[in-house]
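Down below is the structure, laid out as structure tokens.
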Amino acid sequence: MNRSDLDVTSAARPRNAGVPPMEVQQDARLVVEGACLRYGELDVLSDLSLSVGGTEIVSIVGPSGCGKTTLLRCVGGLNQLNAGEIRIEGQRVEKPLPTVSMVFQHFGLFPWRNLWNNIAYGLALRRAPKEEIERRVGEAIELVGLKGFEMSYPHQLSGGMQRAGLARALVMEPKLLLMDEPFSAIDAQTREQLQFELLRIWDARPTAMMFVTHSIDEAVLMGDRVVVLAGRPAHVRAVRAVHLPRPRDRSIVSSPAFINLREQVWHDLFDQPAANGARTQ
Ligand SMILES: Nc1ncnc2c1ncn2[C@@H]1O[C@H](COP(=O)(O)OP(=O)(O)OP(=O)(O)O)[C@@H](O)[C@H]1O
Ligand SMILES: [Mg+2]
């Protein structure tokens, strides 16, 4: 597990205070180096650097509109940088790579296809052999707990859209999974259930993951590190290493270590340094 500890104190200082660029592990599975992106006149990403290890979950939090989705789209090869570089296993990203899967808030599932056909879609596009499609789709469906619902349509299941979206990404056996607020549009109970299901799935098949969320709790629960972005333009304000044991279950959210980290990320995000680590909530 890649658990690089970064200098959070200096990283949290204002960007114009001469802070050195964020340390990046050059041999990590994903390396983003000095990423800059503009939409017309709007500077969205500015000199943004980070890395994600081969079996590391990096959570990304930041204010609404700061550029989180844009960053994921760049990593996914859907947007091109104006400066800087993104590499996945050393390969420069200039277009979508088959080794990367993305899961968005709105999953873009085809409502007219049943679960099996939705999940098989990507493999069929790649013209994978029929037997391989059958095997991999079956495994992915089992992994996300949808066995028995293969012929159902996405809207027919509670939480079924999210699970199917996840299965559709996992079936590609990605080396990097990009998650953009995957659970933000669902009710709190289903969300909590799916968070732990995703953790269980990751335990079974660990891979590199970028997990964008607006929930500080979710960021800490999922992540090996939490990257806090500030905007605009988006840059890395702080990085927190999450030294919480895995596998993680519900008991972890009431542990002092979890509560302390949540507090630190809150201050990173809202720019209110806690005096002597004192709690303010
Ligand atoms: N295709 C586009 N053309 C022009 N501007 C865009 C485009 N996509 C996004 N933007 C702008 O870029 C900025 C960053 O958008 P982005 O969606 O990446 O933010 P975000 O951090 O994901 O926001 P949220 O938390 O609301 O999801 C915003 O100001 C947005 O209006
Ligand atoms: Mg977004």
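Here, each number is a calculation from the coordinates, and none is a lab measurement. This one's a predicted model, so the numbers in the text were calculated from it and none came from an experiment. Cβ sites come from the backbone with ideal geometry, for glycine too, and all protein chains shown count toward neighbours.
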With labels modelled as points extended 7 Å from the Cα through the Cβ direction, what inter-label distance (nm, one decimal) is found for residue 132 paired with residue 117? 2.3
In deg cm²/dmol and to the nearest 500, what is the mean residue ellipticity at 222 nm of the chain if only DSSP H runs of at least 4 residues count, each as -39500 (n - 2.57), divided by the residue total? -9500 deg cm²/dmol
Cα centroid separation - region 213-249 against region 118-186, whole Å: 26
Over the Cα atoms, compute the radius of gyration (one decimal) and Dmax (the largest Cα-Cα distance, rounded to a whole number) for the chain, in Å. 18.9, 61
Helix 160-170 sits off the longest principal axis of the Cα atoms of the chain, rounded to the nearest 10 on a 0 to 90 degree scale, by 80
Report, in degrees rounded to the nearest 10, the 0 to 90 angle that the Cα long axis of helix 188-204 makes with the longest principal axis of the chain. 80
Which semi-axes, in whole Å and largest first, does the equivalent ellipsoid of region 48-131 have when worked out from the alpha carbon gyration tensor as the square roots of 5 times its eigenvalues? 27, 17, 12
Pull out the extension gain between residue 124 and residue 204, defined as 0.36 nm times the separation in residues minus the alpha carbon to alpha carbon distance; nm, one decimal. 26.3 nm
With everything on Cα atoms, drop me the angle between helix 256-270 and the longest principal axis of the chain, reported from 0 to 90° to the nearest 10. 70
Once you have the Kirkwood Rh of region 127-201 from its Cα pairs, apply Stokes-Einstein at 20 °C and 1.002 mPa s and quote D in µm²/s. 163
Prolate/oblate/rounded call for region 184-236, Cα gyration tensor, a/c under 1.5 rounded: oblate
Net length gained if the chain between residue 187 and residue 41 were fully extended (0.36 nm per residue, minus Cα distance): 48.8 nm
Determine, for each peptide in 24-31, 91-98, the mean count of other beta carbons within 10 angstrom over its residues, then list the peptides with the highest first. 24-31, 91-98
Which whole-Hz couplings ³J(HN,Hα) result when phi for each residue of region 55-66 is put into the Karplus expression 6.51 cos²θ - 1.76 cosθ + 1.60, θ = phi - 60°, listed in order with x for Gly and Pro? 10, 10, 9, 10, 7, 10, 10, x, x, 4, x, 7
Each label sits 7 Å from Cα toward the beta-carbon; between residue 214 and residue 23 the label points are separated, in nm, by 3.4
By Cβ neighbour count within 10 Å, fewest first, 127, 113 rank 127, 113
Most fluctuating residue of 215, 101, 254 in a GNM of the chain with Cα springs under 10 Å: which is it? 254
Cβ density ranking, 10 Å radius, fewest first, applied to 155, 214, 235 yields 155, 214, 235
Given a Förster distance of 30 Å, report the FRET efficiency between residue 196 and residue 89 from their Cβ-Cβ distance, rounded to the nearest 0.05. 0.55
FRET E, pair residue 259, residue 232, Förster distance 35 Å, beta-carbon r, rounded to 0.05: 0.70
Among beta bridges that DSSP assigns inside the chain, antiparallel share in %, nearest 5: 50
Using θ = phi - 60° and the Karplus form 6.51 cos²θ - 1.76 cosθ + 1.60, what ³J(HN,Hα) does each residue of region 230-238 get, whole Hz, x for Gly and Pro? 10, x, 9, x, 5, 9, 7, 8, 7
Long-range amide H contacts for residue 44: which residues qualify at under 5 Å (H placed 1.01 Å from N, peptide plane, sequence gap of 5 or more or a different chain)? 37, 38, 39
